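Note sheet for the following structure.
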Amino acid sequence: MTAVDQEYLKVIVFQLADKEYAIPVANVQGIEKLMHITRVPKTREFIKGVINLRGVVTPIIDLRERFGIPVSNHEETTRIIIITLEEMEVGFIVDSANDVIDIPADAIEAQPEVVGSNEEEFISGVSKLENRLLILLHLDKVLNP
Amino acid sequence: MELNQYIEMFIEESKEHLQACSDNLLELEKNPNDLAIVNEIFRSAHTLKGMSATMGYEDLADLTHKMENVLDAIRNEKIQVNAEILDVVFESVDHLEEMVMNIADGGDGKKDVSATVEKLKRIESGEAIQQAATTATTAAAEVAASSAVLDSALQLHYDDFEKTVILQSTEQGFNAFEIAVTLTDSCLLKAARVYMVFDILEKNGDVVKSSPTVDKLEEEQFDQDFKVALITQTDADELRSKIMKVSEVEKVSITQISNDLFVQSAVVATEEFVESVTEETALVPKAEVKKEEAQKSTSAKHAASKTIRVSIERLDILMNLFEELVIDRGRLQSIATEVNHSELNETVERMSRTMGDLQNIVLTMRMIPIETVFNRFPKMVRTLSRDLNKKINLEVIGAETELDRTVIDEIGDPLVHLIRNSVDHGIESPEIRRANGKPEEGNVTLRAYHSGNYVFIEIEDDGAGINRERVLKKAISKGIVTKESALSMSDKQINELILASGFSTAEVISDISGRGVGLDVVKTTIESLGGNISIESTEGAGSIFSIQLPLTLSIISVMLVEIEQETYAIPLSSIIETSIIKNSDILNAHNQKVIDFRGKVVPLIFLDEIFDVPRTDNNADEYHSVVIVRKGDKLAGLVVDTFIGQQEIVLKSLGDYLLNIFAISGATILGNGKVALIVDCNALMK
């Protein structure tokens, strides 16, 4: 890693219910508006189905359901964040995608013991920036049951 | 030098050379006295050695070198070709292949091959005394030969016609030059430079002759220099400066062809001619063979030089982009019909036609000859038959048959199993064959051909055939069929029992064709490719395993059906027919709803239940739409809401995240941009 990499981590920030989450930009392929999702039968609850992403059939996960947050109706701001992880391409449904920011590496802390919700196991760290608290996701764990 | 950029090329070319080696070795085995073949092998091995040494793969270069020594000895008729020697050479080729594969997988290509090297050495020194005595002479001879080639390369010999042409044109005031061009040592693309030089020359005059010949120049069969005779009006200095503009040209020397020179060279030519005549009389047949071979390889190389390598990934991307276009075209077409603007309509129509042509090209680009799978079999059969002490002749027919590469990728292993099966269980040992009045040598024929939208691959042997009684007995004892059902089975059904899992008829389990796990894997693989396999067999006379495969896996015909809001695609290859049934047609048998379909009891599968389709209202329709599908001999009726129609669709995988979804074999993108799932009928019927 170069010195620059150590100093900053570029992340995409998105919103779920009242919390802000972050995924490294390197794992994000794009952000899409909500489109028609084809339901795939006999899959886990949180897998909403597949979409046609420019000719590639891409599975979609509802992050609210994945994290056990009560499901809300999809709104104008609802987005699908397409992420890639080791050849896998998956879309996450989020309430809104807000920002791309650089987080100083030393601003990332291990998660505090008492976050106290179901998504705890998916968190790799938290970062406090001014008055915002960003939750960094552990993509591996989000994707692998 | 940075070598990484060449590694892909190196691997591809090494594979080709190794393939050429093994093909020619097999050929040599049939005609052990044909030294032209040995030369071919030698050439491949030599190139391979050079390449691997350049790339720094010492082990690879070393083993090739040892193999080359043996080949050289054969070539110089110091060793007589026999099966043992060929075995060792084959073994070396196998090792080389492994090394190359290892490099391809990112390894360092190292492998302990001391045993093989030892064997090669022993063969070589089997003629030790002779060898030692002759190496010096052969070396000398080689040097002499190559220098002779060089000399003659630098000398242009004109035949009568060419002489007349030159004489006449000089009389008419044209210049006739002999131009000797030397390329730099580091020149990588000699053929390209030659082309550029020729391009310049042809713009300035007429090339009468070149040495080496143009063919050879194109194939880079020359060292650094070549000579061209040119008739031109341009003067020497101008020509020289023009040619020097081509990069990597080191030296250009231009001499006027004077009449003196002419006479002189003519004399030299005749002298040499006399010499070579005496030599040639002894070598005529060989030389002819060589010529033929050379011609063959030239034509092959010619074809090759007109192709480029494109990575499969890029083709996949192209395919994806094209599919996007197809979808957009659909939208555009519907917009055009709405707007109904004549110019727009015309343009859209023209675009559609062009896209149809484009689609054909994109699809055929992904087709590759089945040869790429077949060409490993001759060697495999040879090894197997030697291991088993059987005499087997493998005939390959239709290797040029083209198949989509997705099918090619999958079909290799099943074919290996089937051929192993034919060799191991099919063909009898020579003793038994003789006792049965058959020729000792067994025949295995591998045949591929197109028919309609399918490709057929057949593996035929003239071996023992299937002993149906034994198969039945075994199947009953293994609990695959019951005694009662066995009575009603047709011959074909009994034959196909050997494809059932947990079945192995060979009395002795050999490591060649496994423990009966092989053939049922074959069946599953082929079915998963949308094909099927059948067996015909006559006891005592042999069997034919015949595989039917779709031409391409990426585009299939389906029937689109609708269940509530959802669209599903059912592959046409599994559909027998569709029908509408009334509620009263549905019968109950053992908690299973069935219908009477043309006198057969067919179980009904309600797709909405299988796929948990959310229903908005309780549909109590009196009529049901049913798609009758089949798997082997079994039928089932899939109940859906409505039929939409038949369509060609592009098959897409669901990706790595969604694996093993029950009864869904993939997805496709419809004209409206939505994804539809493809129903796996095989999974619905157990």
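Among the residues of A:58-66, the average count of other protein chain beta-carbon atoms within 10 Å of the residue beta-carbon is 1. Peptide B:657-670 shows a mean partner chain C-beta count of 4 within 10 Å per residue C-beta. Rounded to 0.05, the FRET efficiency of the B:ASN588 and B:ASN467 pair, given R0 = 45 Å and the Cβ-Cβ distance, is 0.60.
Here the label points at B:MET101 and B:GLU527, each 7 Å from Cα along the C-beta direction, are separated by 2.9 nm in the simple model.
Tell me whether segment B:369-550 comes out rounded, prolate or oblate; compute the Cα gyration tensor, take square roots of the eigenvalues as a ≥ b ≥ c, and use a/c under 1.5 as the rounded threshold.
Values: a/c = 1.74, a/b = 1.14, b/c = 1.53.
Here segment B:369-550 falls in the oblate category.
One way to sum up the overall shape of segment B:189-238 is the equivalent ellipsoid from its Cα gyration tensor, whose semi-axes run 20, 11, 9 Å, largest first. Helical content alone sets the calculated 222 nm signal of chain A at -1500 deg cm²/dmol, taking -39,500 (n - 2.57) per DSSP H segment of four or more residues and averaging over every residue.
Shape verdict for segment B:534-594, please, from the Cα gyration tensor: rounded (a/c under 1.5), prolate (a/b greater than b/c) or oblate.
Numbers: a/c = 4.02, a/b = 1.54, b/c = 2.62.
Oblate is the answer for segment B:534-594, as a/c is 1.5 or above yet b/c matches or exceeds a/b.
Once the Cα-Cα distance is subtracted from the 0.36 nm per residue extended length, the B:GLU648 to B:ARG630 segment shows a gain of 4.5 nm.
Mind jotting down a quarter of the surface of the convex hull over the alpha carbons of segment B:312-366, in square nanometres, one decimal? All intermediate terms of the calculation are to be shown ahead of the outcome.
Values: hull surface 14.0 nm².
For segment B:312-366, the mean projected area of the Cα convex hull comes to 3.5 nm².
Computed from label points 7 Å out along Cα-Cβ, the spacing between B:GLU12 and B:ALA115 is 3.5 nm.
Once you list every other residue whose beta carbon is under 11 Å from the beta carbon of B:SER579, what net charge do they have if Lys and Arg are +1 and Asp and Glu are -1?
Numbers: positive: B:LYS582, B:ARG598; negative: B:GLU577, B:ASP585.
Taking every other residue near B:SER579 into account, the sum is 0.
When the alpha carbon coordinates of chain A are projected onto the principal axes, the ranges are 44, 33, 29 Å, largest first.
Amide hydrogen proximity for B:GLY666: with H placed 1.01 Å from N in the peptide plane, the residues at 5 or more positions away or on another chain lying under 5 Å are B:ILE678.
Of all aspartates and glutamates in the structure, the ones whose alpha carbon falls short of 14 Å from that of B:LYS438, not counting any fewer than 8 places away in one chain, are B:GLU428, B:ASP461, B:ASP462, B:GLU539. Taking only the C-alpha atoms of segment B:555-684, the Rg (one decimal) and the largest Cα-Cα distance, Dmax (whole number), read 14.7, 44 Å.
Modelled spin labels at B:ASP387 and B:ALA435, positioned 7 Å past Cα toward Cβ, are 2.5 nm from each other.
Kirkwood Rh over Cα pairs of segment B:639-686 into Stokes-Einstein at 25 °C, 0.890 mPa s: D in µm²/s? Don't jump to the answer; show the numbers that get you there.
Working: Rh = 12.1 Å.
It diffuses with D of about 202 µm²/s by this estimate.
Amide H to amide H, with H built 1.01 Å from N, B:ASN393 comes under 5 Å of B:GLY442, B:ASN443, B:VAL444, counting only residues 5 or more places away or on other chains. Taking amide H atoms as placed 1.01 Å from N in the peptide plane, the amide H of A:LEU53 lies under 5 Å from those of A:THR58, each 5 or more residues away in sequence or on another chain.
We did not get these values from a lab; they are worked out from the coordinates using the rules stated. This is a predicted model, so every value here is computed, not measured. All Cβ positions, glycine included, derive from the backbone under ideal geometry; neighbour counts span all protein chains shown.
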